[in-house]
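Colleague: Shown below is the structure under consideration.
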Amino acid sequence: MGNPAFLLCDTDALIQIYLTQRSDLLEYLRRSFSVQPAVVPEVEIEIRNNGQYGRRFEPVFLRGMQSGQMVVLDDVRVCTFLSSKGIVDPETVFYRVLAEGNVNSSHVQRGEAFSHALASSLGLPLMSNDGDALRVLARLNRPLAIPTIRFMDLVVFAFGQGVIRENDCQSIVRILRGAHEYVPRAFIPGVGGFAHCSQSFSCRLAEAESGQQITEPQQPHHTLYLTIP
Amino acid sequence: MLPEILTTLNLPDDFWADLIPCSVSQLQEWRTGQRTVPYSVAERISKAIGIPASSVLATDAVTPVAIPAVWLKARDYELTVDVHRAIALTRLIASGYDELGTLLARQTNEYSQLFYEIRKSVSPSDPPARQGERAAAAFLSFTGLSHGATGIGEALRPRLRSAGVLLLETPIDLRPLEGFCFSVAPGSRPCLIVNSYRSTWFRRNAVLLHELCHAIFDLDSAGAIFEVGPSEDVTSESEDSRQSSEKRAEAFAMHALIPIRLLVAFENRGLKLQGLSADDMARLMSETHAERSLIAKAAEHHGFVDSSERHRLERLEVAEPLKHYSTHARNLYELSANQVYRLDILETSKRKTTFPIRGHRLPVQFVELVLEALQQGKISLGKAAELLMMRKQDLEKRFGLAPQYESVSVA
């Protein structure tokens, strides 16, 4: 099992990345694991004009697009990707994704609706913090992104990889809490620092050790194992 | 076809950016063809404007786009952007109602049968005023509102909403526009919008019934009707036909709101309309739920007073005594706590949209439907916020909902 070509990002997770100014973590995934961070067009819209943050993140998002750090999986890119996988009629698959997304959007916001639809159809992981949307879609037996990781999974993964220091991680938690953003319970300040907290956190992103037998994730909360190419 | 649609409707970029919602720079990317319009954006425009999503996405400039009449009329009347926002908002609410109706298995189109029965009760050869009177009697009878010695103002709104009519009372910054009506699609749910900007509840009852009459008789052919007063009417519609439908609607509103039995019941209590004092006029207003001038007009029509007395009645100073007789004449802060059905309604902002269309007031039933769907787990908190056109954080704060984030184990 190879690394996924794309890691889809939902609006709330991407906002946390921009709030904490940790786009470098996405860059790390791209450079070290050849996992390209991506968004569906609906998430691009929600990021560039956000209900809570207005247009604050539009410049950084556009810079990310220009540098190739972030791509938008629009019709052309999805069809190209499908063709590269040997799909004969990529347009049909794409229209099916749109139909799935449309059904989802009766229940959850458009960004999540189309992110889950595309990720589940293409077998891609999704980074999203919205457990509420996930629960609603799961209850309705809608196809979900497998796995669905959170921003803190990426932080803990990067911490384990030695990409960021403990102080940086604590700063991330502080910024998120200061902005009333979602932080998993394990990181609510208690005894010990980030390293201590991360031990009780079930991280959904890990590097596969050489020779390790990896089982493909079957559920949204399963772990995504990455290998260095 | 998005660029053509934007050009035809000639609305500022801010309007579209608020509506979609997106940044103005992204709108420009779509307008100039630099980027493809996403499907979900086409769907959103389709819901708000009424143009099929396929037309928004089409790149074939030869195919003409059918813009719904309501937009073309609003453009021709040179109505303000706020009016256009109200139209878009109403369409989005109508679409939200349909979505929620499907999710909660609660759809109603009772209005269709009701309107048909009312039309059937009227003879097209009668003069317009007579048609309005007969239609009002049929309306009161079919809706069960024809009994009792008090007005229908309080029962009217829930009754219409339960029949599937979308009714919105919201402030629009164009005072001459008292209201308008349109249907989301030909033959579909009628939408009645009443401007609450500097108007009284008593006046709005008449405006609402006036628009209802248009919805019953004129909407299928006209597509949309705006009440902006004759001086601002610049449409090419036949003036005769317009005047007939206006006369019918005026008669309908008067007879539905003030049927003769209400005036007779008032006089039977020893209070005479001839020589009525300001205090008694206030009492009559509180009983009929009608404004002073409409009562005076009805009194003259039914022969209780002559025209000079009608003019005197129209000029009575009723503002202060009316506050004594009717809670509808008081503002929310002049009410005591035990006069408010739900104390949380004292915070009127709870029903106002915050994003993307700011400051409009949503119908209580719509808010309740959204919260019910949320409670039943049919929609997420984010979707509820989207339907109520407010930020997720505002929704959490206003309705005391805790953020639903953690424990994503969906095994």
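Colleague: Go through A:Ala117, A:Ala133 for me and flag whichever is modelled with pLDDT under 95, within 11 Å of chain B (Cβ to nearest Cβ) and touching a helix residue (DSSP H, G or I) at 6+ places or on another chain (Cβ under 6 Å).
Modeller: Result of the check over A:Ala117, A:Ala133: A:Ala133.
Colleague: Take the stretch B:1-23 and flag every residue that is buried (at least 18 other Cβ atoms within 10 Å of the Cβ), in a helix (DSSP H, G or I) and either of a type in the set (D, E, K, R) or within 12 Å of chain A (Cβ to nearest Cβ) (or both).
Modeller: Within the stretch B:1-23, B:Trp16, B:Ala17, B:Asp18, B:Leu19 qualify.
Colleague: Looking at the stretch B:242-291, which of the residues that are basic (Lys, Arg) and in contact with a helix residue (DSSP H, G or I) (Cβ under 6 Å, 6 or more places away or on another chain) is farthest from B:Ala149 (Cα to Cα)?
Modeller: Across the stretch B:242-291, the extreme among qualifying residues is B:Lys247.
Colleague: OK, next. Scan (1) buried (at least 24 other Cβ atoms within 10 Å of the Cβ); (2) within 9 Å of chain B (Cβ to nearest Cβ) for the single condition A:Leu126 breaks and write down its number.
Modeller: (2)
Colleague: Another one. Pick from the stretch A:96-113 the residues that are over 22 Å from A:Pro4 (Cα atoms) and without any contact (Cβ under 8 Å) to a residue 40 or more places away in the chain: which of them is surrounded by the most Cβ atoms within 10 Å (Cβ to Cβ)?
Modeller: For the stretch A:96-113, the residue satisfying everything is A:Val108.
Colleague: I'd like to check something: does the stretch A:167-186 contain any residue that is of a type in the set (Ser, Thr, Tyr), under 21 Å from A:Arg22 (Cα atoms) and either assigned to a loop (DSSP other than H, G, I, E, B) or within 14 Å of another protein chain (Cβ to nearest Cβ) (or both)?
Modeller: Within the stretch A:167-186 (the criterion being of a type in the set (Ser, Thr, Tyr), under 21 Å from A:Arg22 (Cα atoms) and either assigned to a loop (DSSP other than H, G, I, E, B) or within 14 Å of another protein chain (Cβ to nearest Cβ) (or both)), the answer is yes, since at least one residue qualifies.
Colleague: Restricting attention to the stretch A:136-150, which residues are assigned to a helix (DSSP H, G or I) and facing another protein chain (nearest Cβ under 7 Å)?
Modeller: A:Val136, A:Ala138, A:Arg139
Colleague: Considering only residues that are hydroxyl-bearing (Ser, Thr, Tyr) and either within 14 Å of chain A (Cβ to nearest Cβ) or touching a strand residue (DSSP E or B) at 6+ places or on another chain (Cβ under 6 Å) (or both), look in the stretch B:92-113 and name the one that is surrounded by the most Cβ atoms within 10 Å (Cβ to Cβ). Write out each step before concluding.
Modeller: Of the stretch B:92-113, the ones hydroxyl-bearing (Ser, Thr, Tyr) are B:95, B:97, B:102, B:108, B:111-112.
Within this subset, residues satisfying the condition of being either within 14 Å of chain A (Cβ to nearest Cβ) or touching a strand residue (DSSP E or B) at 6+ places or on another chain (Cβ under 6 Å) (or both) are B:95, B:97, B:102.
Working: B:Ser95: 19, B:Tyr97: 24, B:Thr102: 12.
By that ranking, first place goes to B:Tyr97.
Colleague: Looking at the stretch B:362-386 only, could you name the residues that are under 25 Å from the mean Cα position of the chain (by Cα) and more than 10 Å from every other protein chain (Cβ to nearest Cβ)?
Modeller: Within the stretch B:362-386, B:Leu362, B:Pro363, B:Val364, B:Gln365, B:Phe366, B:Val367, B:Glu368, B:Leu369, B:Val370, B:Leu371, B:Glu372 meet the criteria.
Colleague: How about the stretch A:5-51: which helices (runs of 4 or more DSSP H) wholly inside it have at least 1 residues that are under 13 Å from the mean Cα position of the chain (by Cα) and away from chain B (no Cβ under 14 Å)?
Modeller: Correct list: A:11-19, A:23-33.
The values are calculated or read from the model by the stated rules, or taken from the named source; none is laboratory data. The model shown is predicted, which means the values in this text are computed figures rather than measured ones. Don't worry about glycine lacking a Cβ; one is built from the backbone with ideal geometry, like all the others, and counts go over all protein chains shown.
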